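Engineer: I'd like to ask some things about the structure below.
Just so it is clear, none of the values below were taken in a lab; they were calculated from the coordinates. What you see is a predicted model, and the numbers here were worked out from it, not measured in a lab. Backbone-built Cβ (ideal geometry, glycine too); neighbour counts: all protein chains shown.
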């Protein structure tokens, strides 16, 4: 992410531990210095005096977090502050059973202390595949959606200043969204060409070539968007059938205000962006095609502030903008029928709605548990950093989320699905560090 250089200190998705209250350690967290050398300051401020210098791999103990700074316990008994990306929690690369139940980081969003045993509902691919559509829940979810103008007014009240940042993939997306012939129009043209070749005596070779061309006909941007818009609420309704919308109006309002503001910084601000917190103790988030993003209560409870909430949302926005899950769906359907679905000449009306209904009736919302290729996850991480910076947040908030996630160890029960579908935390942090250096 060369365009943002040092501002983008991050990219990474979801999760943390559990516990409410101020972001304070309930215990010391072992960590190691990750940079070649790190200056320890007397206060969480770059202008504060330097009180020590630590070298790479030095063992330290984190005793508190203050925004994007960690307070370390020093060997002489004193304490000092370093930035959260200058050390790595020691448990990131090892199984840490104690971390599964002990809250080391706390979040300000929660409504009291969560417990491992009581909160995990166990949403998985099977439950998402078989869950019924919760139409009433979907209506409640959509009722919390806010306009870009409302979110912008809220952002101004919070002092979030938008920043203009150019980003290459945005330009590519804009080039791909211009006027294109629809699939029906392309097939009509092919049909005319086939008739002309027949009258001219084109023969078997020409006929074979036309069949190949017919199978290769792709969808226009208009048709892709129409299918996304139909799939979004259909899939979201099934997710809500597996885990209902959390009965916390303030949380629902907050996630929509923060989410819609960040979504306005993407290359697809016109989507009907809708955000919600679902009542599930797992630590995860889901991005359905067409602009529906759902964060679990387990995740929401553990986030410290709006910046961390924005960080989780921003990664999911990247998946929607890049059409990652939609492409999974489309490839599944292509593999099933041997060519792109939406046969316009057979079903000239309601094609997108039929496509969405048929797909969800067969697969439910199981696509939300699909493992995307790692490049897609890394692209979403990069996009998230851009969106955060544009929205006036420090992208280092991503690193804060990642570090808390790492404090849980490598395979905590509350993050089993997230670990199954995402690259290792260490790899994601390393990619982030590489972008910062560039």
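Engineer: Sort 261-272, 277-288, 45-56 by the packing proxy (mean of other Cβ within 10 Å over each peptide's residues), most packed first.
Structural biologist: 277-288, 261-272, 45-56
Engineer: In nm, to one decimal, how far is the residue 136 label point from the residue 170 one, both placed 7 Å along Cα→Cβ?
Structural biologist: Inter-label distance under the simple model: 4.2 nm.
Engineer: Which part of region 56-73 falls in the paramagnetic zone of residue 50, meaning amide N under 17 Å from the point 7 Å along Cα-to-beta-carbon?
Structural biologist: Counting only backbone N, you get 56.
Engineer: Report the FRET efficiency, 1/(1 + (r/R0)^6), for residue 156 and residue 279, where r is their Cβ-Cβ distance and R0 is 30 Å, rounded to 0.05.
Structural biologist: 0.45
Engineer: Mind giving me the nanometre distance, one decimal, between the label points for residue 270 and residue 143, set 7 Å out from Cα along Cα→Cβ?
Structural biologist: About 3.0 nm, to one decimal.
Engineer: While we're here: Kindly state, to the nearest 0.05, the FRET efficiency for residue 37 paired with residue 427, given R0 = 25 Å and r defined as their beta-carbon distance.
Structural biologist: Here the calculated transfer efficiency is 0.55.
Engineer: Going by average Cβ density within 10 Å per residue, which order do the peptides 137-143, 398-404 take, highest to lowest?
Structural biologist: Going by the mean number of other Cβ atoms within 10 Å, highest first, we get 398-404, 137-143.
Engineer: Please give the peptides 156-169, 238-251, 73-86 ranked by average Cβ packing (other Cβ atoms within 10 Å per residue), highest first, as a rough proxy for protection.
Structural biologist: Highest mean packing first, the order is 238-251, 73-86, 156-169.
Engineer: Report the extension gain between residue 59 and residue 222 in nm, rounded to one decimal, defined as 0.36 nm multiplied by the number of residues separating them, less their alpha carbon distance.
Structural biologist: 53.2 nm
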